[in-house]
Amino acid sequence: CSSDLIHWFKLFTQLVGELNTTEHSLEELNVLVSRYLYGKELRISLLGDKDVFKPWLRMGWTGTDEDMERSYDVMYELGFKTDFTDEKLAERISAAKTALRSTINSGAYNILLYRALATGNSLYRYYNYANFLDYYSFLEQAEAAMQSSPETVIAALQGVQEALRNSYNATEAYAGTEEGLAQNTVLADAFMAKLENTPFESAPYALPVPAVREGLIVD
């Protein structure tokens with residue numbers, strides 16, 4: 001995604017699994033996730049080197065062969081049926097901001113390390129921009145927007161969700177039994193078939209470069 005959508009992409013990954021879907025309440029969804037998606041991850045993954053890399057939506061879990069079909073269904077529901085009109089959206093955004101503030105206060109050294117790496121490495125520049133101080137400023141703006149114009153926040157998240165419902169350049173990986181591999185191949189292909197397959201060009205990034213020497217004031 002382009003630079004102006006990176007933070008929406010990050011927020012999307014944080015909110016998935018924290019809101020109702022169009023098919024289940026959050027309480028019902030939590031039961032399904034704990035049953036079928038052990039070790040669930042749905043996050044930004046950066047593949048490549050410091051100058052040539054691509055951000056991906058990484059969706060992964062561990063499950064049993066007998067639950068494999070249901071696991072794919074629940075993961076699809078999480079990724080592409082999360083309901084951003086959920087009345088708890090504002091609360092979840094505020095919670096994400098509070099959690100990040102705690103991370104900044106408790107891990108200032110690590111954040112400054114990533115900012116230092118970002119001065120000469122495009123991949124770390126993306127990672128730093130998507131996760132730390134710049135993202136915190138974005139969350140402040142999103143929190144305020146939920147008070148003044150929540151429809152703009154909802155529309156932005158729905159736009160990211162729809163853009164990610166695309167199998168172009170997608171890859172599949174499986175580790176398990178030989179019998180499970182055959183089953184997974186069928187289910188993974190069916191999962192991909194439910195997505196659009198729309199070609200797109202890699203987006204250019206013009207992200208801020210941190211200062212070579214800087215300090216970070218914490219609470």
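The set of residues in the stretch 74-122 that are under 19 Å from His24 (Cβ atoms) and without any contact (Cβ under 8 Å) to a residue 12 or more places away in the chain comprises Glu87, Glu91. Among the numbered conditions (1) assigned to a helix (DSSP H, G or I); (2) under 24 Å from Pro199 (Cβ atoms), the only one that Trp56 does not meet is (1).
When Tyr168 is tested against (1) within 17 Å of Arg43 (Cα to Cα); (2) in a loop (DSSP other than H, G, I, E, B), just one condition goes unmet, and that condition is (1). Asp51 meets all of the listed conditions (1) open to solvent by less than 50 Å² (accessible area, probe 1.4 Å); (2) over 22 Å from Leu139 (Cβ atoms); (3) part of a loop (DSSP other than H, G, I, E, B) but one, namely (1).
Mind listing just one residue for me: the one in the stretch 174-186 that is part of a loop (DSSP other than H, G, I, E, B) and without any contact (Cβ under 8 Å) to a residue 24 or more places away in the chain and, of those, farthest from Met59 (Cα to Cα)? My answer is Ala175.
Gly159 is checked against (1) crowded, with 18+ Cβ neighbours inside 10 Å; (2) assigned to a helix (DSSP H, G or I) and fails just one. What number does that condition carry? Failing condition for Gly159: (1).
Filtered by the rule that a residue be in contact (Cβ under 8 Å) with a residue 40 or more places away in the chain, more than 19 Å from Tyr72 (Cα to Cα), part of a helix (DSSP H, G or I) and open to solvent by 20 Å² or more (accessible area, probe 1.4 Å), the stretch 1-45 gives Ser3, Leu5, Trp8, Lys10, Gln14.
Restricting attention to the stretch 60-99, the residues being hydrophobic (A, V, I, L, M, F, W, C), open to solvent by 20 Å² or more (accessible area, probe 1.4 Å) and assigned to a helix (DSSP H, G or I) number 4.
The values are calculated or read from the model by the stated rules, or taken from the named source; none is laboratory data. Because the structure is predicted, anything quoted here is derived from the model rather than measured. Backbone-built Cβ (ideal geometry, glycine too); neighbour counts: all protein chains shown. Side chains included, ligands, DNA and RNA excluded: accessible areas come from the protein's heavy atoms. Shrake-Rupley method; radii C 1.70, N 1.55, O 1.52, S 1.80 Å.
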